1. Tell me the label-point distance for the pair I119, Q35, using the 7 Å Cα-to-Cβ offset, in nm and rounded to one decimal.
2. I'd like to check one number: the per residue accessible area of region 1-110, probe 1.4 Å, reported in Å² as a whole number.
3. Of the listed peptides 111-117, 25-31, what is their order by residue-averaged count of other C-beta atoms within 10 Å, with the highest listed first?
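The values are calculated or read from the model by the stated rules, or taken from the named source; none is laboratory data. Remember, predicted model here, so these are calculated numbers, not experimental data. Note: ideal-geometry Cβ built from the backbone for every residue, glycine included; neighbour counts use all protein chains shown. Ligands, DNA and RNA are stripped out before the accessible areas are found, and what is left, the full protein with its side chains, is counted by its heavy atoms. Shrake-Rupley method; radii C 1.70, N 1.55, O 1.52, S 1.80 Å.
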Amino acid sequence: MARKKRVTVQARTVTTVAFVLGREECAVPITDVHQIIRDVPVTRMPNVNVHVEGVLNLRGVVVPILDLKHRLGLGVRTLGPRHRLVILDLGGRLVGFSVDAVTGVFEFEESAIQPPPDIVLARMEAAFVRGVVPRGDSVVLLLETSEVLNVRNSRPAAEAHAAVARAREY
């Protein structure tokens with residue numbers, strides 16, 4: 001009688017860094033995170049996309065900083081005591097995301113990732129969200145970092161500048 005082999009499938013654990021943008025909790029793979037730093041002054045650059053805050057000198061490396069909240073269509077950044085810059089290393093290219101607060105490391109099984117419901121994406125580009133993961137009574141939006149940086153997903157500059165001006169009036 002032939003013996004049946006027992007095959008065990010290991011569930012893949014995904015580890016992310018979670019952060020808050022307004023009322024939304026988002027996350028990026030921890031393997032993309034180079035470091036997290038407190039908010040520091042950023043040098044503004046002329047004629048750049050409206051969600052680019054400027055550049056930062058990080059130990060001799062010039063790093064572009066994006067207002068991630070604005071980039072995702074969730075409003076404009078507000079400075080507070082928990083505000084941080086999440087510096088990502090994307091294929092050897094450093095880029096910083098300005099976030100309202102970092103909430104910590106979030107681990108989950110890859111099978112927990114679900115496609116984002118349309119209503120979740122009502123305020124942001126669908127290409128920016130890889131999926132959603134239930135966490136307690138809410139969900140965490142897993143961001144597709146390569147798409148967030150993709151220029152073709154940017155709103156026209158005039159429209160974006162007008163939106164920022166309207167938001168700052170309130």
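1. Roughly 4.3 nm, to one decimal.
2. I get 60 Å² per residue for region 1-110.
3. 25-31, 111-117
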